[in-house]
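The values are calculated or read from the model by the stated rules, or taken from the named source; none is laboratory data. For clarity, every value in this text was computed on a predicted model and none was experimentally measured. Glycine gets a Cβ as well: all are built from the backbone with ideal geometry, and neighbour counts include every protein chain shown. Each accessible area value is taken on the protein alone, full model and side chains, heavy atoms only, with ligands, DNA and RNA left out. Shrake-Rupley method; radii C 1.70, N 1.55, O 1.52, S 1.80 Å.
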Amino acid sequence: MSALPAPGRRADEPAIAPAPSPVPSPSPGLRASAPAPRGSALGRAARLAAVAAAFGLAVALRIPLCPFALITRHPCPGCGLTRAALALATGDLHEALHLHPLVIPVVPVVALVLLQGSYNYVRHGRWYTFAFQQTRWITLGSIVLAVAMIAVWFVRFFGLFGGPVPV
């Protein structure tokens, strides 16, 4: 029994198997699906509240939180920022700027990242913020802020900008 030619093909023309289609590669913007969040949103909110309460208690009891300062007994680039943020929250701008001159740009950025990350953790079970996006402005802003923090840290060792900050 002879095989019938495929439609649109002559009988004397050899049958060619179609080339396998390439497996589509995932788009760079797509990520692998995340694991299902653990627990309920209420449970995640309670865990977040417990961490915030522990942090607040450590700050209230003046327990040192900076591992760099604990190990080296020298201030880190961010030393003074927690105290500066607390001074800023109470309205004492002069004291806040004395404790860390970059309190004005750093504290709002850190607060925004913490608030957005906390919301996403409670709502979706994952900690992610705009800071994880690889955009030119976020990367450039992060680099500028890091360079400024290190520069201020360096000049504070020589007594400028209210330094050195007590550890």
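Packing here is the average count of other Cβ atoms within 10 Å per residue, and on that basis the peptides 104-113, 72-81, 49-58, highest first, run 72-81, 104-113, 49-58. The Cα center of the range 81-113 and the Cα center of the range 145-162 differ in position by 15 Å.
In the complete set of protein chains, residue-level accessible area for R47 is approximately 110 Å², probe 1.4 angstrom.
Model label sites at V51 and R123, defined 7 Å from Cα along the beta-carbon direction, differ in position by 1.7 nm. Within the assembled protein chains, the solvent-accessible surface assigned to S40 is about 70 Å², based on a 1.4 Å probe.
Remark: the range 58-74, residue by residue, has Karplus-estimated 3J(HN,Hα) of 5, 5, 5, 8, 6, 7, x, 10, 7, x, 4, 5, 5, 7, 9, 6, 10 Hz, where x stands for each Gly or Pro and the curve is 6.51 cos²θ - 1.76 cosθ + 1.60 at θ = phi - 60°.
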